[in-house]
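Each reported figure results from applying straightforward, stated rules to the coordinates on display, with no laboratory input. What you see is a predicted model; the values in this text were computed from it and never measured. Glycine gets a Cβ as well: all are built from the backbone with ideal geometry, and neighbour counts include every protein chain shown.
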Amino acid sequence: MAILLDAKSKVIVQGITGREGLYHAGRMRSYGTQVAGGVTPGKGGRTVDDFPVFDTVSEARDRTGADVSIIFVPPPFAADAILEAADAGMGLVICITEGIPVHDMLKVMAVMPDSTRLIGPNCPGVVTPGKALAGIMPGHVFSEGRVGLISRSGTLTYEIVDQLTRAGIGQSTCVGIGGDPIIGSVFVDCLRAFEGDTVTDAVVVVGEIGGTDEEDAAALIESGAFTKPVVAFIGGRSAPKGKRMGHAGAIISGNSGTPESKVAAFERAGVPIAQSPADIPALVRQAVAYKQAIALP
């Protein structure tokens with residue numbers, strides 16, 4: 001069992017005839033992902049690098065049986081691409097596109113069906129190590145194991161996964177949720193999915209300044225609704241006050257979204273906070289060992 005993506009998942013690429021879409025379609029296929037084809041309106045019937053191209057997501061789903069769509073579509077058209085994938089009945093939609101107007105995403109989220117899980121936009125994708133990769137992450141740093149990871153930052157995801165792998169700690173599923181102010185799935189959504197995942201023993205949460213997603217995740221853990229060990233890291237803790245840093249979502253409003261408020265929330269929930277990515281493997285081992293110890297009769 002794995003959340004979101006596994007070896008049986010069939011993926012289509014919206015925007016496959018574009019440079020980025022075709023390049024990453026090839027990388028995903030090389031990793032072992034079942035990339036069934038792609039979609040570019042007006043170019044249906046063609047083949048690019050042995051990938052069949054369809055005019056619509058609905059046609060691609062009917063012809064290939066795909067259940068996952070990954071979007072490499074320019075920002076002005078990406079919101080419509082998300083809605084098209086949802087309307088076609090895709091169970092998982094991953095939007096890589098950066099720079100989608102917030103107003104467009106507000107419209108998307110107002111009508112997204114519960115039957116479709118949206119990851120992103122402005123995200124690096126999802127990896128279930130050894131089984132499937134849907135996104136732009138470098139597959140070679142991942143290793144199979146039992147630690148989940150949820151991150152707002154793409155580059156921090158790669159760095160922390162590399163640290164875990166080098167320490168001999170494999171991963172179950174890694175989800176880059178994206179750094180925009182309006183995204184489909186937040187930390188709480190992913191934690192709830194990991195709670196029911198039988199191959200995940202612990203989760204690493206990689207947050208950053210801005211927004212309240214980390215505080216919401218900490219509240220879920222504090223309530224007892226998430227029962228597995230969690231280790232957290234907050235990026236941007238050294239950012240100068242009053243400066244906008246990094247992602248569009250990294251905006252601090254008053255006392256909300258500050259690194260101090262996020263760290264305090266996780267501390268109240270009993271979650272250890274890594275001072276640097278290099279600290280995470282040791283903290284994961286300690287958290288799992290502690291959880292196992294208190295569970296002993």
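For helix 213-223, report the angle its Cα long axis makes with the longest principal axis of the Cα atoms of the chain; keep it between 0 and 90° and round to the nearest 10°.
The angle comes out at about 60 degrees.
Each label point is 7 Å from the Cα along the Cα-to-Cβ direction; what then is the distance between the points at Thr212 and Ala264, in nm?
Between Thr212 and Ala264, the simple spin-label model gives 1.4 nm.
For segment 46-125 and segment 1-34, what is the centre-to-centre distance using only Cα atoms, to the nearest Å?
Their Cα centres are 13 Å away from one another.
When a/c reaches 1.5 or more, the comparison of a/b and b/c decides; with that in mind, is the chain rounded, prolate or oblate per its Cα gyration tensor?
prolate
What is the helix-to-structure angle for 259-268, meaning the angle in degrees between its Cα long axis and the longest Cα principal axis of the chain, kept from 0 to 90 and rounded to the nearest 10?
70 degrees
Positive end of the dipole of segment 137-297, charges at C-beta (+1 Lys, Arg; -1 Asp, Glu), about the Cα centre: which of Ala274, Ile183, Thr200 has its Cα farthest in that direction?
Checked the options; the winner is Ala274.
For the chain, what is the charge dipole size about the Cα centre, in debye to the nearest 20, if Lys and Arg each add +1 at the Cβ and Asp and Glu each add -1 at the Cβ?
In total the dipole reaches around 500 debye.
In what sequence do Ser58, Ser69 fall when counting other Cβ within 10 Å, fewest first?
Ser58, Ser69
Tell me, Thr173, Thr128 in order of fewest to most beta-carbon neighbours within 10 Å?
Neighbour counts put them in this order, fewest first: Thr128, Thr173.
Using R₀ = 25 Å, calculate the FRET efficiency as 1/(1 + (r/R₀)^6) where r is the Cβ-Cβ separation of Ala110 and Thr56; round to 0.05.
My answer for the efficiency is 0.65.
For the chain, what number of Lys pairs, 8 or more residues apart or on separate chains, have alpha-carbon atoms under 26 Å from each other?
Eligible lysine pairs with Cα atoms under 26 Å apart amount to 9.
Quickly work out the Glu195-to-Ala225 label distance, labels modelled 7 Å from Cα along the C-beta direction, and quote it in nm with one decimal.
0.6 nm
Does anything in segment 9-28 have its amide N under 11 Å from the 7 Å Cα→Cβ label point of Arg46, and if so which residues?
The answer is 16-19, whose backbone nitrogens lie closer than 11 Å to the label point.
If you average the sequence gap of Cα pairs under 8 Å that are 6 or more apart and divide by the length of the chain, what percent do you get for the contact order?
14 percent
For Met28, Met112, Met90, what ranking results if the residue with the fewest other Cβ atoms within 10 Å of its Cβ goes first?
Result, fewest neighbours first: Met112, Met28, Met90.
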